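The values are calculated or read from the model by the stated rules, or taken from the named source; none is laboratory data. On a predicted model such as this, the values are computed, not experimentally measured, just so you know. As a convention, Cβ positions derive from the backbone with ideal geometry for all residues, glycine included, and neighbour counts pool all protein chains shown.
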Amino acid sequence: MQGVLTLGQFIIEKQNDFPYAKGELSRLLRDIGIASKIVNREVNKAGLMDILGDAGTINIQGECQKKLDVFANEQFISALKSGGECCIVASEENDEFVYIDGEVSKNAKYIVAIDPLDGSSNIDVNVAVGTIFSIYRRKSVDGKATLADVLQNGTEQVAAGYVIYGSSTMLVYTTGKGVNGFTLDPSIGEFCLSHPKMKIPEDGTIYSINEGNYVHFPEGVKKYLKYCQVEDTDTLRPYTSRYIGSMVADIHRNMIKGGIFIYPTTSSAPNGKLRLVYECNPMAFIIEQAGGRATDGYSRILEKDVTSLHQRSAIFIGSENMVLKVESLMSEYS
Ligand code: AHG
Ligand code: MN
Ligand code: MN
Ligand code: MN
């Protein structure tokens, strides 16, 4: 069996991809990996501990926070604090960004945006959940980092990744030089390279959308769903519908098998539901690096102007030809 390559070894090996970096990004990715292992431990025994159910608090999204949302958020923030490589953490679970004060952190050059626990509605029913993270270099050169350092376009990302706590726990990330996937080997407590140079198939036969919102979908989306459902063996239709309710799990499946994930505008989410800074931008960076496509139905996610921390966007993401097909219907009908 080929030798095991751990995430730590891989990061160091790839270090020379960044001649200017003096190891800070490597240490930052290590810190995220450590927190992921702690969250994984809790996710795997959620039913045995008092961490199922609601925390009894509402976040700025208006969502009822789960205990695991809060636990995961605390783990990532404390790992990033003690690692000393980032000066700001912007989290789904915090109304404002968290400034990491401290002699070392305040001069750190990285910003981390994070969805600590994605797919919270799946926690209590033992279905896959995830974590999504995005890393930016701070733009301000001195003094305290500010909100402007967080509200950067997706094209400015230095790195992005996700963790999926599923049948196995995987960490998948990019630093702009392709996408690599690591599977946690619990027997040694290490993420090991299992999916090198991940590429999403440019075609797919799986579409992933919450059809419960059908009535309020844009006309172009309705037309696309009908296109997916038409019998046409030459184009392998009807396609298969799969919707897990965790963006990370739905997109990871499509990354492996090909497919499209759509969360369009709906009546309850007129700007889309998913958050640009810590869900859409990182996933768009990863999918583009794997050869896929990510837009809001009209324009590239990574180029959207970021004006607020919890800003939402519609998202059409996955196999390039599937996204192009629904975009053509969006421009024709919407
Ligand atoms: P989060 O749990 O971080 O708030 O994200 C949930 C998101 C995303 O993971 C998923 O694709 C989507 O919400 C599901 O939304 P619906 O339940 O409205 O389909
Ligand atoms: Mn949430
Ligand atoms: Mn989420
Ligand atoms: Mn979340």
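Can you confirm whether the range 216-237 contains a residue that is assigned to a loop (DSSP other than H, G, I, E, B), among the aromatic types (F, W, Y) and modelled with pLDDT of 95 or more?
Taking every residue of the range 216-237 in turn, at least one turns out to be assigned to a loop (DSSP other than H, G, I, E, B), among the aromatic types (F, W, Y) and modelled with pLDDT of 95 or more.
So is I114 touching a residue at least 60 places away in the same chain (Cβ under 8 Å), more than 12 Å from ligand 3 (Cβ to nearest atom), under 17 Å from the mean Cα position of the chain (by Cα) and surrounded by 19 or more Cβ atoms within 10 Å (Cβ to Cβ) or not?
Judged against the criteria, I114 is not a match.
From the set of residues in the range 126-150 that are within 16 Å of ligand 4 (Cβ to nearest atom) and among the β-branched types (V, I, T), which is surrounded by the fewest Cβ atoms within 10 Å (Cβ to Cβ)?
Of everything passing the filter in the range 126-150, V127 is surrounded by the fewest Cβ atoms within 10 Å (Cβ to Cβ).
Going by the structure shown, is I111 outside any loop (DSSP other than H, G, I, E, B) and more than 16 Å from ligand 1 (Cβ to nearest atom)?
yes
So which of E93, E74 ends up being in a loop (DSSP other than H, G, I, E, B) and within 24 Å of T169 (Cα to Cα)?
On inspection, the qualifying residue turns out to be E93.
In the range 177-194, which residues are surrounded by 14 or more Cβ atoms within 10 Å (Cβ to Cβ) and part of a loop (DSSP other than H, G, I, E, B)?
Across the range 177-194, the qualifying residue is only G178.
Return the residues of the range 195-212 that are outside any strand (DSSP E or B) and touching a residue at least 40 places away in the same chain (Cβ under 8 Å); say none if nothing qualifies.
If the condition is that a residue be outside any strand (DSSP E or B) and touching a residue at least 40 places away in the same chain (Cβ under 8 Å), then M198, K199, I200, P201, E202, D203, G204, T205, I209, N210 are the ones that fit.
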